[in-house]
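In what follows, a single structure is set out as structure tokens and then discussed.
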There are 2 protein chains.
Amino acid sequence: MNFAGPALAEGPETARIRAFLNGAGAAGGTDPAVTVTLPVGDDAAAFRPPDGAQVVVSCDASVEGVHFRREWMTWETIGYRAAASALSDLAAMAAAPVGLVVAAALPPELDVEIAAALGRGVGEIAGRVGAEVLGGDLVASPGPAFLDVTVLGCAAAPTTRSGARPGDELWVTGELGAAAAALCDLERGLEPDLRARRAFDRPRPRIDEMRWLRDRVRIHAAIDLSDGIMRDARQLAVASEVALEVEADRLPAAPALEGFRRAPAGERLLLAGGEDYELLLAVPAGAMRDAERAFAATFDLPLTRIGSAREGEGLTVSGRSNPALPAGFDHFEVER
Amino acid sequence: MNFAGPALAEGPETARIRAFLNGAGAAGGTDPAVTVTLPVGDDAAAFRPPDGAQVVVSCDASVEGVHFRREWMTWETIGYRAAASALSDLAAMAAAPVGLVVAAALPPELDVEIAAALGRGVGEIAGRVGAEVLGGDLVASPGPAFLDVTVLGCAAAPTTRSGARPGDELWVTGELGAAAAALCDLERGLEPDLRARRAFDRPRPRIDEMRWLRDRVRIHAAIDLSDGIMRDARQLAVASEVALEVEADRLPAAPALEGFRRAPAGERLLLAGGEDYELLLAVPAGAMRDAERAFAATFDLPLTRIGSAREGEGLTVSGRSNPALPAGFDHFEVER
């Protein structure tokens, strides 16, 4: 069972699907080499990738009460964030997004308006990165709302987590900690600083930034920062079989962290706060020299060297070894 | 956040992911033209489709208490059925499966054993059709368990729902109603007939059958029977802008329906019972003539002409028009 567009027979479920699809609109198609040959509306959708291209696929699931709360954000924002989080994985691979497949389980009381709002949120970010909704499934759930967004993209040569080498420099796009600052305030019942709120509600997957960099700089490895730089850098270290050193003082703290910065909580938000969706990159020493300023000028976004890779294993932050530092988020511990 | 294979840092969530992936195994690769270039374990997975091929994508979501119940089946069966249902959409498109992306929200009390059992069920059917698990996300849920399986395949020319023409014959693979018979018994607290139980627990997406037919017969349109032939035939009629006539006496009723056949309930199971995952095909008149027997001999499966298409719209069953007949399943009505 799937989304089936204009030709679908009527019913309460199909009304929600129709509302979702109308909300999402028909964006897509920034990459002229990719053709969506069969849009949403059949048993499956289809697209034709450029000859020789690889198809890149990832997904991201979120559950009401665990990953989002209705009190904290609109349904547009819930849809946007779910899609942005999945698209961020494509950014890390330097893939051009093609489409999204969206499954949602919604409590029966959630009406057509809410399906439409979810669709608008998904469509907002999909349109921005040139992807379209290729399919999905909308079902009733007696429990909390659930969203799963699978993203598909194309890349001639996807960038992985596993290519960092001893001697590489570590770079990070953008600023860190703003989304975590917003979450911290929301959890305490406070209204976040506007900049933090914006970072939390409308994270920007670094699709264009990564593809720009990939065209100019040899990138050995990349990972997106969804679970906090501590945890994600550790993943990159393990996957690449190198030791990583992060210089905490170099980390580009978001201005929204100012109110938190001095306290231990501030350091925790900066190091372990997730959902920034910036990219951590490992590049050969000196490789960013020519690109650094042009990047900042092109995207109005900082690009910061924050550490390096060496022989060994594990993660060190400014000379302290990792066990003492806060861990990232693990869903079965719900520890933050 | 995604499945990240061997290199993933430890934690309760990753233990479940590891158990799931171990359960699923590393099947895949029956189509030598498709290479999985980057398996599960990075921000995303990647594969290289054959030059010129289209990538076909679909998904299927299921919720505990709505689509399945723990009391009725093992977690292997829950995993198998979720994957089989999604793969059936690829069968309808005549696509060769490449991979699956599996998102699951599981109550925190569901342990590593259950993640492994889900993985085994998904892996059983994935292996059978030559697909592998390319990614996923395993998250904790305070509510009912939720599963979403997205499937990816390749096809030179996917078959759609929309190509049926007046004069076409309607054919169906296999037998109908056994899964619905099992469900009917389960809902009444009875243990189903073994044949019905088997059809319900281990439906076979008609991947090989459809690709065999596609190579021999001009197929104008196809749809898989997930929601019952009444509802799915109506979808095909609407998508193709034709009227369909189904001769109820020709429908290949499963032997497991014998106990129900005479009653109105039996007719309802045959016409509106879902989850058979057989295929409904529209082909030019006479086109099946040479293939019919060879198909039955090759797959030990009936292939039955059950009706025809003509100018007009809507669905007629043996001279009765559709409003009087039972509707299929609509999740927001939960009417069966």
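The values are calculated or read from the model by the stated rules, or taken from the named source; none is laboratory data. What you see is a predicted model, and the numbers here were worked out from it, not measured in a lab. Using ideal geometry, Cβ is built from the backbone for each residue, glycine included, and neighbour counts are taken over all protein chains shown. Just the protein is used for accessible areas: all its heavy atoms, side chains included, with ligands, DNA and RNA removed. Shrake-Rupley method; radii C 1.70, N 1.55, O 1.52, S 1.80 Å.
Observations on the model:
- Here segment B:104-263 is assigned +1 on the Cβ of each Lys and Arg and -1 on the Cβ of each Asp and Glu. Its dipole about the Cα centre then comes out at about 520 debye.
- Leading residue at positive end of dipole, chain B (Cβ point charges), from B:Pro302, B:Leu257, B:Val122: B:Pro302
- Shape annotation for segment B:195-248: C-alpha extents along the principal axes are 36, 28, 19 Å, from largest to smallest.
- In sequence order, calculated HN-Hα J values of segment B:147-158 (Karplus, 6.51, -1.76, 1.60; Hz; x Gly/Pro): 10, 9, 10, 9, 10, 10, x, 10, 8, 5, 8, x
- Placing +1 on the Cβ of every Lys and Arg and -1 on the Cβ of every Asp and Glu, with nothing else charged, gives the protein assembly as shown a dipole about its Cα centre of roughly 800 debye.
- Expressed to the nearest 5 percent, the antiparallel share of DSSP beta bridges inside chain B is 75 percent.
- Under 13 Å, Cβ to Cβ, from B:Gly99 - net charge with Lys/Arg +1 and Asp/Glu -1: -1
- Rg and Dmax, both from the Cα atoms of chain A and both in Å, are 20.1, 63.
- Cβ-derived FRET efficiency at R0 41 Å, B:Arg165 paired with A:Ala33, nearest 0.05: 0.80
- Unit charges on C-beta of K, R, D, E only; dipole of chain A, Debye: 780 debye
- Restricting segment A:257-308 to GluC sites (Glu not before Pro) that sit in a DSSP loop and have at most 15 other Cβ atoms within 10 Å of their own Cβ leaves A:Glu258.
- For q = 0.15 Å⁻¹, Debye-computed log10 I/I(0) when each Cα of segment A:39-117 counts as one equal scatterer: -0.68
- Difference of contour (0.36 nm per residue) and Cα-Cα distance, A:Ala285 to A:Arg69: 73.5 nm
- Closest-to-axis residue of chain A (Cβ criterion, axis taking A to B), whole Å: A:Gly143, 1
- Pairwise centroid distance, computed over Cα atoms, of segment B:52-115 with segment A:274-293, Å: 38 Å
- Taking the protein heavy atoms of the protein assembly as shown in the context of the full set of protein chains, the accessible area attributed to carbon and sulfur is 48 percent at 1.4 Å.
- Put simply, the convex hull of the Cα atoms in the protein assembly as shown casts, on average, a shadow of 27.6 nm².
- With all protein chains kept in place, the per residue accessible area of chain B amounts to 35 square angstrom at a probe of 1.4 angstrom.
- Amide N of segment B:107-137 lying under 12 Å from the label point, which is placed 7 angstrom from the Cα of B:Asp300 along Cα→Cβ: none
- Applying both filters, DSSP loop and at most 16 other Cβ atoms within 10 Å, to the trypsin sites (Lys or Arg not before Pro) of segment B:46-137 gives B:Arg69, B:Arg70.
- Between A and B, roughly 6200 Å² of accessible area is buried in total, ligands, DNA and RNA not counted and the probe set to 1.4 Å.
- Per residue Cα convex hull volume in Å³ - calculated over segment B:132-270: 168 Å³
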